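> Below: one structure in structure tokens.
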Amino acid sequence: MSKLKFKFKKTIKLAEFVHADLEYHEELSTDIIVSFKEEIKRLISLLPEEPEKIWKSDREIAEETEEEEDSDVPSIEEGALTTTDIESEEEPEEKLPKEKTKTDELKALFRKIAAATHPDKLVARGYSKEEITRKTKIFKKAKKAFDSNNWYILYIIAADLGIELPDPSEQQLEWLEEDIAAVRAQIAHICNLTAMHWHSATTENKWNVIKYYFEQVFGLEYPFDLYSCTDA
């Protein structure tokens, strides 16, 4: 195995790890944000007078949550690539640059994945309803990765589908390293959410987080102790 292939294989494993870590933090933060939101509502309900701006809490807390939209599957004609694009395995020779860009690679991978997973194609080939449902989920994931220029996700999907992939290149290694850095930044952002600080804090520090939140979001000092509800 060449030095490049070995490094690529090692970096792929690291990318798999950080993506799994991101999924863990996203799942964990979802439950924690719900708990934090419920605690804020509880504390608001204990106030003798509830300032009108307090009711911005739902919106303010929601801003810390990223909701994914599961859009309908576009037809082949409505998608990022046309039917001709999907059926064509290679671009015209005169359009092929000596060194493919990331966009070229993304299109090539997505074209191959779409050819194997787009529901229109599967129906035409007589696949079962269950298989169409399973592969449609794969197509949606690939479409989302394509739209967000995520080469790593497309590469992994193609590999799982048994699609023949080109030998690793220095470019691909660079894209992997960029993806790893971006995912780590997402994890750091999640860990820095107020709700996450609140969750991991001691009882005393939870109170400090709550006080800071009320001051920053509502512009007021919370008048009671966090749990005893007596004057601070």
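> Going through the range 1-25 one residue at a time, which ones are closer than 30 Å to SER200 by Cα and either free of Cβ contacts under 8 Å to residues at least 12 places away in the same chain or in contact with a Cys (Cβ under 8 Å, 6 or more places away or on another chain) (or both)?
The first filter runs over the range 1-25 and keeps only residues closer than 30 Å to SER200 by Cα, leaving 13-25.
Passing the criteria: LYS13, PHE17, ALA20, GLU23, TYR24, HIS25.
For every residue, the table says whether it meets (1) loosely packed, with under 13 Cβ neighbours inside 10 Å; (2) of a type outside the set (S, T, N, Q).
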| residue | (1), (2) |
| --- | --- |
| LYS144 | no, yes |
| ASP167 | yes, yes |
| ALA195 | no, yes |
| SER200 | yes, no |
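> Taking only pairs six or more apart or across chains, which ones have beta-carbon atoms under 8 Å, a first residue in the range 180-200 that is without any contact (Cβ under 8 Å) to a residue 40 or more places away in the chain, and a second residue that is surrounded by 13 or more Cβ atoms within 10 Å (Cβ to Cβ)?
Matching pairs, first to second residue: HIS197/VAL209.
> Quick check, is ALA115 of a type in the set (Gly, Ala, Ser) and either under 22 Å from HIS19 (Cα atoms) or crowded, with 17+ Cβ neighbours inside 10 Å (or both)?
Working: of a type in the set (Gly, Ala, Ser): yes; either under 22 Å from HIS19 (Cα atoms) or crowded, with 17+ Cβ neighbours inside 10 Å (or both): yes.
So ALA115 passes the test.
> I've got another one for you. If we scan the range 150-165, do we find a residue that is among the polar types (S, T, N, Q), on the phi < 0 side of the Ramachandran plot and touching a Pro at 6+ places or on another chain (Cβ under 7 Å)? Don't jump to the end; show me each part of the working.
Pass one, the range 150-165, residues among the polar types (S, T, N, Q): 150.
If we keep only those that are on the phi < 0 side of the Ramachandran plot as well, we get 150.
Narrowing the set further to residues that are touching a Pro at 6+ places or on another chain (Cβ under 7 Å) leaves none.
No, the range 150-165 contains no residue that is among the polar types (S, T, N, Q), on the phi < 0 side of the Ramachandran plot and touching a Pro at 6+ places or on another chain (Cβ under 7 Å).
> Then there is this: Looking at ILE157, ILE132, can you tell me which residue is touching a Lys or Arg at 6+ places or on another chain (Cβ under 9 Å) and surrounded by 14 or more Cβ atoms within 10 Å (Cβ to Cβ)? Before you say what the answer is, go through the steps one by one.
Details: ILE132 fails: touching a Lys or Arg at 6+ places or on another chain (Cβ under 9 Å).
Matching residue, one of ILE157, ILE132: ILE157.
> Sticking with this structure for a sec: Which condition number in (1) surrounded by 14 or more Cβ atoms within 10 Å (Cβ to Cβ); (2) farther than 22 Å from HIS25 by Cβ; (3) in contact (Cβ under 8 Å) with a residue 60 or more places away in the chain is the one that TYR152 fails?
Status for TYR152: all satisfied but (2).
Here, each number is a calculation from the coordinates, and none is a lab measurement. Keep in mind that what you see is a predicted model, and the values were worked out from it rather than measured. Cβ sites come from the backbone with ideal geometry, for glycine too, and all protein chains shown count toward neighbours.
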